[in-house]
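The values are calculated or read from the model by the stated rules, or taken from the named source; none is laboratory data. Small disclaimer: the values here were computed from a predicted structure and weren't measured. As a convention, Cβ positions derive from the backbone with ideal geometry for all residues, glycine included, and neighbour counts pool all protein chains shown. Accessible surface areas use protein heavy atoms only, side chains included; no ligands, DNA or RNA. Shrake-Rupley method; radii C 1.70, N 1.55, O 1.52, S 1.80 Å.
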Amino acid sequence: QVQLVESGGGLVEPGGSLRLSCAASGSIFSRAVMGWYRQAPGKQRELVADITTGGSTNYANSVKGRFTISRDSAKNTVHLQMSSLKPEDTAVYYCKAAVWISTYWGQGTQVTVSS
């Protein structure tokens, strides 16, 4: 059974930083493309960033230069370092693991950017 557990969300002021983490259980981490998605109220879930098993990364245009995704294979964990946060970054952030045709999601963590 695969479980993805996110942590690190919270309330931050505009311009601030947060670091999200997603810990993966099971044996999939080494074979999975790991990603972060977000969903704001009334909007569709969208890709924020993802990282392949080889470390190649991909970012949404809206977060390029502000967010950094990384993976720690020793701890089966993927991180999302978010800097220069804006109110429009407010959303529930979800971790995703994709292995072949299988997809797994975490439960989500709320990020609120507000003064």
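Working value for the stretch 59-115: equivalent-ellipsoid semi-axes of 23, 14, 11 Å, each the square root of 5 times a Cα gyration tensor eigenvalue, largest first.
Heavy atoms of the protein chains alone define the surface here; on that basis the chain has 53 Å² accessible area per residue at 1.4 Å probe size.
Semi-axis lengths, largest first, of the ellipsoid equivalent to the stretch 14-115 are 23, 14, 12 Å, with √(5λ) applied to each eigenvalue of the Cα gyration tensor.
Our estimate of slack between Gln107 and Leu11, defined as 0.36 nm per intervening residue step minus the Cα-Cα distance, is 32.8 nm. Projecting label points 7 angstrom from Cα along Cα→Cβ for Arg66 and Gln3 puts them 3.3 nm apart. Look at where the Cα atoms of the stretch 42-60 and of the stretch 13-36 average out, and the two centres are 10 Å apart.
Between Arg31 and Glu88, what FRET efficiency follows from the Cβ-Cβ distance if R0 is 25 Å, with the result rounded to 0.05?
Details: r = 34 Å, r/R0 = 1.35.
For Arg31 and Glu88, the calculated efficiency is 0.15.
For the chain, with all protein chains in place and a probe radius of 1.4 Å, 48% of the accessible heavy-atom surface sits on carbon or sulfur.
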